């Protein structure tokens, strides 16, 4: 009986230690986020509320990692004049100037036609697991589920850089 109790206690301790170990997915996410930081991104988990999708009663809220690049290529005075906007990969009626599977949450009708053309091109070249984009006078952000790995991080950086260069 004493042996059984000792074995049970040892197995409980081992089980607890194994439960605390990160999963393979968590290790991959940590590696990806470290690479992102080395490439100049600020990574933060953000609680996002998407616009109400067509046919839905409520807005969807989820926690998603935000990959941010700070605007370092623009003077402060010019940066303050940039309009803030936010778009989500969801079908709704607020999609003027966007591809059919994207919708505005903030900033509809504030961008010029040539800016909308750049934004549309950027949206079409983003990985499928990017769920939203945001631009403020301080930063541009891609909200990304991280399903597609390292190669998508490079694509996201290229597209966010295009947005900053186009002063969007």
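List pairs: first residue in segment 22-35 and on the phi < 0 side of the Ramachandran plot and surrounded by 12 or more Cβ atoms within 10 Å (Cβ to Cβ), second residue outside any loop (DSSP other than H, G, I, E, B) and modelled with pLDDT of 90 or more anywhere in the structure, Cβ distance under 6 angstrom, at least six positions apart or on different chains.
33/43
Give 133, 98, 153, 123 a once-over and let me know the one that is surrounded by 17 or more Cβ atoms within 10 Å (Cβ to Cβ), touching a helix residue (DSSP H, G or I) at 6+ places or on another chain (Cβ under 9 Å) and under 19 Å from residue 79 (Cα atoms).
Numbers: 98 fails: under 19 Å from residue 79 (Cα atoms); 153 fails: under 19 Å from residue 79 (Cα atoms); 123 fails: under 19 Å from residue 79 (Cα atoms).
Matching residue, one of 133, 98, 153, 123: 133.
Would it be correct to say that residue 82 is touching a helix residue (DSSP H, G or I) at 6+ places or on another chain (Cβ under 7 Å) and surrounded by 14 or more Cβ atoms within 10 Å (Cβ to Cβ)? Step through it out loud before you land on a result.
Values: touching a helix residue (DSSP H, G or I) at 6+ places or on another chain (Cβ under 7 Å): no; surrounded by 14 or more Cβ atoms within 10 Å (Cβ to Cβ): yes.
No.
Say whether the condition of being at positive phi and surrounded by 10 or more Cβ atoms within 10 Å (Cβ to Cβ) is met by at least one residue in segment 44-65.
No.
From (1) within 18 Å of residue 48 (Cα to Cα); (2) free of Cβ contacts under 8 Å to residues at least 60 places away in the same chain, pick out the condition that doesn't hold for residue 159.
(1)
Listed here are the residues, each with its yes/no results for (1) closer than 17 Å to residue 43 by Cβ; (2) assigned to a loop (DSSP other than H, G, I, E, B); (3) in contact with a strand residue (DSSP E or B) (Cβ under 8 Å, 6 or more places away or on another chain).
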position: 128; (1), (2), (3): no, yes, no
position: 131; (1), (2), (3): yes, no, yes
position: 134; (1), (2), (3): yes, no, yes
position: 141; (1), (2), (3): yes, no, yes
position: 146; (1), (2), (3): yes, yes, yes
position: 153; (1), (2), (3): yes, no, yes
position: 156; (1), (2), (3): yes, no, yes
position: 161; (1), (2), (3): yes, no, yes
position: 164; (1), (2), (3): no, no, yes
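From the list 109, 89, which residue is crowded, with 18+ Cβ neighbours inside 10 Å and either within 14 Å of residue 50 (Cβ to Cβ) or without any contact (Cβ under 8 Å) to a residue 40 or more places away in the chain (or both)? Can you show your working first?
Values: 109 fails: crowded, with 18+ Cβ neighbours inside 10 Å.
Criteria check complete, one pass: 89.
What do you reckon, is residue 45 under 23 Å from residue 112 (Cβ atoms) and at pLDDT 85 or above? Give the derivation first.
Numbers: under 23 Å from residue 112 (Cβ atoms): no; at pLDDT 85 or above: yes.
No.
Is it the case that segment 53-65 has a residue that's under 30 Å from residue 95 (Cβ atoms) and in contact with a helix residue (DSSP H, G or I) (Cβ under 7 Å, 6 or more places away or on another chain)? Before the answer, list the steps.
So in segment 53-65, the residues under 30 Å from residue 95 (Cβ atoms) come out as 53-65.
Now drop any that are not in contact with a helix residue (DSSP H, G or I) (Cβ under 7 Å, 6 or more places away or on another chain), which leaves none.
Among the residues of segment 53-65, not one is under 30 Å from residue 95 (Cβ atoms) and in contact with a helix residue (DSSP H, G or I) (Cβ under 7 Å, 6 or more places away or on another chain), which makes the answer no.
If you go through segment 66-79 one residue at a time, how many are touching a helix residue (DSSP H, G or I) at 6+ places or on another chain (Cβ under 7 Å) and surrounded by 14 or more Cβ atoms within 10 Å (Cβ to Cβ)?
Kept after step one, since they are touching a helix residue (DSSP H, G or I) at 6+ places or on another chain (Cβ under 7 Å), are these residues of segment 66-79: 67, 69, 71, 73.
Within this subset, residues satisfying the condition of being surrounded by 14 or more Cβ atoms within 10 Å (Cβ to Cβ) are 67, 69, 71.
Adding up the residues that qualify gives 3.
Which residue, of 48, 32, is part of a strand (DSSP E or B) and under 16 Å from residue 144 (Cα atoms)? Quick ask: steps written out before the conclusion?
Details: 32 fails: part of a strand (DSSP E or B).
On inspection, the qualifying residue turns out to be 48.
The values are calculated or read from the model by the stated rules, or taken from the named source; none is laboratory data. Note that the structure is a prediction, hence the values are computed from the model and not measured. Reconstructed Cβ throughout: ideal geometry from the backbone, glycine too, with neighbour counts over all protein chains shown.
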